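The values are calculated or read from the model by the stated rules, or taken from the named source; none is laboratory data. Here the structure is a predicted model, which means the values were calculated and not measured. In this analysis, Cβ positions are derived from the backbone assuming ideal geometry, glycine residues included, and neighbour counts consider all displayed protein chains.
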Amino acid sequence: MEKKNYDDLIKKSPLLQKMQRGEEVVWINPDLCPFETAEKNTELTMADIEDAEKRLERFAPFIMKCFPETKDRKGLIESVLTPVPEMKALLRDKYGAGLEGNLLLKQDSHLAIAGSVKARGGIYEVLKHTEDLALEAGILKPGESYEKLADQEARDFFRNYKVQVGSTGNLGMSIGIMSAAVGYQVIVHMSADARQWKKDLLRSRGVEVIEYESDYSEAVKQGRKMSDQDPKSYFVDDENSRNLFLGYAVAARRLPAQLQELGIKIDREHPAFVYIPCGVGGAPGGITFGLKQVFKDNVHCFFVEPVQAPCMLLGMATGLNNAISVQDIGLTGQTHADGLAVGRPSGFVGGVMKPFLSGEMTVRDGRLYEYMRDLLQTEDIFLEPSACAAVQGPVKLMESEKLQEYIRKHDLEKKMGKASHILWATGGSLVPPEVREEYKSTYLE
Ligand SMILES: *Cc1c(COP(=O)(O)O)cnc(C)c1O
């Protein structure tokens, strides 16, 4: 793509100037609309999310058979939502972020099979494709138990097909592991920043891993090219996939029951703030879309991105979406938060999020390790650095004048004592012990 000159754009925007200097910023979305207005202009609806939810239920017997660790939840891949009161106290004492209300951790870090939020979207997309192929070929008839798909006959059928994906790591793991379980040939195209242990784990499952010297966008481009040349190959397109997005959105449908179990309400008097780490945008976008459908104006969703890779913020704040990359404003796109090392956002997600997202914050890499140690120390829960970006949410909420103004503008001041803050922990449980040790002793600016 031709390199455009954005000097004029940057000159006019104090926000872009701060971003360009690699400073942490807070951005409030000026296009946020009341839910009633926002929902009128979206191509996807609650019915699409319900359809995805039902599909995952149909696949539950199959999942349970292939992955016995999902037995407890009868083949549903779901994570716990837990209060983290010690972390809440630490945020107050260490960062001066004295939150009122509840601080909760949504532990997608501990989702079965893939150990990250990608177990939602990635696995859903592989299953959707599998259902399409199986119904078309008559391997599966409507109404039959999907357990049948674990039989040798089905596996032999899927062996003729290929699944490919470009990934910084975690998406490749979820697509790779699930595709291999179904029986597909799988190729994961990995960018330079992907961790060695993720490549090793995938290869141990029979997944072909192709490594690139370049960044994520290039890995996606090459992967798509190879896949397009093969009529039996299916390419999982992280930048544009509606299926991935809907798989993530299902998370929100399952949240009300979890909240109820904890005796926590989300309604007009009890607002919720949700903070989600963002890479290309699919996971946080899908989750946010689902949450807005379920809780409407009572939920306020914020994305968090690294200071060197704030692609979604850049796309949304300039309105240029995927026409601009972080490199265009002189940032590196490089970060220790490997799942978030994305230079160009999903244009599809940016467009869908425009009326729904409350805002964004960015975070320095050094803080991610600090937050990681904080959570280990207070709650004995390990998250990978990328996932710890979520913690920046409440810290900035209390510190930033812009966010305090957001609270006043939405008439939330008096309700903050009854609010819930949800840190969406997006990954970590598969990180091997020696890498955890390395993370624990990493200190950056
Ligand atoms: C992928 C990922 C994200 C962000 O998801 P996107 O769909 O890329 O925005 C956040 N955290 C972790 C740990 C991830 O692996």
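Looking at Leu104, Leu99, can you tell me which residue is buried (at least 22 other Cβ atoms within 10 Å of the Cβ) and not in a helix (DSSP H, G or I)?
Going through Leu104, Leu99 in turn, just one is buried (at least 22 other Cβ atoms within 10 Å of the Cβ) and not in a helix (DSSP H, G or I): Leu104.
Quick one: count up the residues across the range 314-361 that are part of a helix (DSSP H, G or I), in contact with a strand residue (DSSP E or B) (Cβ under 7 Å, 6 or more places away or on another chain) and either within 15 Å of the ligand (Cβ to nearest atom) or closer than 30 Å to Val431 by Cβ (or both). Can you show your working first?
So the first thing to find is which residues in the range 314-361 are part of a helix (DSSP H, G or I), and the list is 314-318, 321-323, 326-329, 338-340, 347-353.
Subsequent filtering for residues that are in contact with a strand residue (DSSP E or B) (Cβ under 7 Å, 6 or more places away or on another chain) retains 317, 339-340.
Subset that is either within 15 Å of the ligand (Cβ to nearest atom) or closer than 30 Å to Val431 by Cβ (or both): 339-340.
Count: 2.
Considering Leu331, Leu376, Leu340, which residue is touching a residue at least 60 places away in the same chain (Cβ under 8 Å) and either within 19 Å of Asp238 (Cβ to Cβ) or in contact with a Lys or Arg (Cβ under 7 Å, 6 or more places away or on another chain) (or both)? Please lay out each step first, then the result.
Numbers: Leu331 fails: either within 19 Å of Asp238 (Cβ to Cβ) or in contact with a Lys or Arg (Cβ under 7 Å, 6 or more places away or on another chain) (or both); Leu376 fails: either within 19 Å of Asp238 (Cβ to Cβ) or in contact with a Lys or Arg (Cβ under 7 Å, 6 or more places away or on another chain) (or both).
It is Leu340.
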Taking the range 174-195, which residues are within 16 Å of the ligand (Cβ to nearest atom) and part of a helix (DSSP H, G or I)? Ser174, Ile175, Gly176, Ile177, Met178
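So which of Val236, Val186, Val165, Val207 ends up being over 30 Å from Gln293 (Cα atoms), buried (at least 24 other Cβ atoms within 10 Å of the Cβ) and β-branched (Val, Ile, Thr)? Working first, answer last.
Details: Val236 fails: over 30 Å from Gln293 (Cα atoms); Val165 fails: over 30 Å from Gln293 (Cα atoms); Val207 fails: buried (at least 24 other Cβ atoms within 10 Å of the Cβ).
Within the list Val236, Val186, Val165, Val207, the selection yields Val186.
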Given the conditions (1) surrounded by fewer than 24 Cβ atoms within 10 Å (Cβ to Cβ); (2) hydrophobic (A, V, I, L, M, F, W, C); (3) part of a helix (DSSP H, G or I), which single one is not true for Leu171? (1)
Check off (1) of a type outside the set (Gly, Ala, Ser); (2) surrounded by 22 or more Cβ atoms within 10 Å (Cβ to Cβ); (3) under 12 Å from Leu99 (Cα atoms) for Met416 and give me the number that stays unchecked. (2)
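Which residue is modelled with the lowest pLDDT, if the candidates are limited to the range 210-223 and must be surrounded by 22 or more Cβ atoms within 10 Å (Cβ to Cβ) and in a helix (DSSP H, G or I)? Lay out the reasoning, then the answer.
Initial filter on the range 210-223 (surrounded by 22 or more Cβ atoms within 10 Å (Cβ to Cβ)): 215-216, 219-220, 223.
Now restrict to residues that are in a helix (DSSP H, G or I): 216, 219-220, 223.
Details: Tyr216: 78, Ala219: 86, Val220: 88, Gly223: 93.
Ranking the candidates gives Tyr216 first.
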Note on the range 369-394: residues buried (at least 24 other Cβ atoms within 10 Å of the Cβ) and touching a Gly at 6+ places or on another chain (Cβ under 8 Å) are Leu383, Glu384, Ser386, Ala387
Considering the range 108-151 alone, what residues qualify as being in contact with a Gly (Cβ under 9 Å, 6 or more places away or on another chain) and among the charged types (D, E, K, R)? Asp108, Lys118, Arg120, Glu125, Lys128
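Looking only at the range 146-168, count how many residues are in a loop (DSSP other than H, G, I, E, B) and either touching a Phe, Trp or Tyr at 6+ places or on another chain (Cβ under 8 Å) or within 16 Å of the ligand (Cβ to nearest atom) (or both). Spell out how you get there, then give the answer.
So the first thing to find is which residues in the range 146-168 are in a loop (DSSP other than H, G, I, E, B), and the list is 151, 159-161, 168.
From what is left, the residues that are either touching a Phe, Trp or Tyr at 6+ places or on another chain (Cβ under 8 Å) or within 16 Å of the ligand (Cβ to nearest atom) (or both) are 159, 161, 168.
Residues flagged as in a loop (DSSP other than H, G, I, E, B) and either touching a Phe, Trp or Tyr at 6+ places or on another chain (Cβ under 8 Å) or within 16 Å of the ligand (Cβ to nearest atom) (or both) within the range 146-168 amount to 3.
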Mind checking which residues of the range 59-96 are of a type outside the set (A, V, I, L, M), touching a Leu at 6+ places or on another chain (Cβ under 6 Å) and buried (at least 17 other Cβ atoms within 10 Å of the Cβ)? Phe59, Phe62, Ser79, Lys88
Of those in the range 88-129 that are among the β-branched types (Val, Ile, Thr) and at negative phi, the residue nearest to the ligand (Cβ to nearest atom) is Val117
What number of residues in the range 235-283 are of a type in the set (Asp, Glu) and over 26 Å from Lys221 (Cα atoms)? 3
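Taking the residues in the range 428-445 that are crowded, with 19+ Cβ neighbours inside 10 Å and among the hydroxyl-bearing types (Ser, Thr, Tyr) as candidates, determine which candidate is farthest from the chain's Cα centre (by Cα). Step through it out loud before you land on a result.
Kept after step one, since they are crowded, with 19+ Cβ neighbours inside 10 Å, are these residues of the range 428-445: 428-431, 439.
Next, from what is left, pick out any that are among the hydroxyl-bearing types (Ser, Thr, Tyr): 429, 439.
On the way: Ser429: 15, Tyr439: 21 Å.
Looking at residues that are crowded, with 19+ Cβ neighbours inside 10 Å and among the hydroxyl-bearing types (Ser, Thr, Tyr), I get Tyr439.
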Taking Arg364 and the conditions (1) over 25 Å from Leu16 (Cα atoms); (2) surrounded by fewer than 24 Cβ atoms within 10 Å (Cβ to Cβ), which numbered condition does it fall short on, given that it satisfies the others? (1)
